[in-house]
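Peer 1: Take a look at the following structure, please.
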Amino acid sequence: MSVATGGSEAAAAGGGGGNRVFFQSPRGGGGSGGGSSGGASREDSVSAAVVQVQQRRHQQGKVTVKYDRKELRKRLVLEEWIVEQLGQLYGCEEEEMPDVEIDIDDLLDAANEEERALKLQETLVDCYKPTEEFIKELLTRIRGMRKLSPPQKKSI
């Protein structure tokens, strides 16, 4: 869709002064044509523009990243549980918690349960409360989960 503003031509065509905006259809039909077909042509152009915008929105929807929603939901529930448990372990709210980063994908990359447990113990080394139960429960919860791969863009 292209937009053309008419200045002196619009005033000379019999309208009042000021600028007018005419929508021109991409097929080459003019929105500035004279006679009685000018109004219908403009309406056609506007409706064609609306259809194009809707098609563009629909195409954008197709291009969005597609993760497995069920897997994302499981991951979100797990992350919320981790934050809650860390709050209990450190005895504080999330905002006051020390900078502790537990990367689930990193844990899933580990070769076995022992390596995962070791990574978690290293991460929680500053925690003054016992972490064994938390680690055991977290390892149980991530069992069977898949690593979230980077988004794949679909070509149009």
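Peer 1: Could you list, in sequence order, all residues of the range 75-93 that are of a type in the set (Gly, Ala, Ser) and open to solvent by 30 Å² or more (accessible area, probe 1.4 Å)?
Peer 2: Correct list: Gly91 only.
Peer 1: Search the range 95-110 for residues being closer than 14 Å to Arg146 by Cα and touching a residue at least 24 places away in the same chain (Cβ under 8 Å), and hand back the single one that is surrounded by the most Cβ atoms within 10 Å (Cβ to Cβ).
Peer 2: Going through the range 95-110, the residues closer than 14 Å to Arg146 by Cα turn out to be 103-110.
This time we only want the ones that are touching a residue at least 24 places away in the same chain (Cβ under 8 Å), so: 104-105, 107-109.
Numbers: Ile104: 17, Asp105: 13, Leu107: 20, Leu108: 14, Asp109: 12.
The extreme case among them is Leu107.
Peer 1: Across the range 111-156, which residue is modelled with the highest pLDDT among those that are of a type in the set (Val, Ile, Thr) and open to solvent by 90 Å² or more (accessible area, probe 1.4 Å)?
Peer 2: Val125
Peer 1: Looking only at the range 107-119, count how many residues are part of a helix (DSSP H, G or I) and under 18 Å from Lys136 (Cβ atoms).
Peer 2: So the count comes out to 9.
Peer 1: Just checking, does the range 92-100 include any residue being within 28 Å of the chain's Cα centre (by Cα) and in a helix (DSSP H, G or I)?
Peer 2: yes
The values are calculated or read from the model by the stated rules, or taken from the named source; none is laboratory data. Quick caveat: nothing in here was measured; it's all calculated off a predicted structure. Cβ sites come from the backbone with ideal geometry, for glycine too, and all protein chains shown count toward neighbours. To get the accessible areas, we keep the full protein, side chains included, count just its heavy atoms, and leave off ligands, DNA and RNA. Shrake-Rupley method; radii C 1.70, N 1.55, O 1.52, S 1.80 Å.
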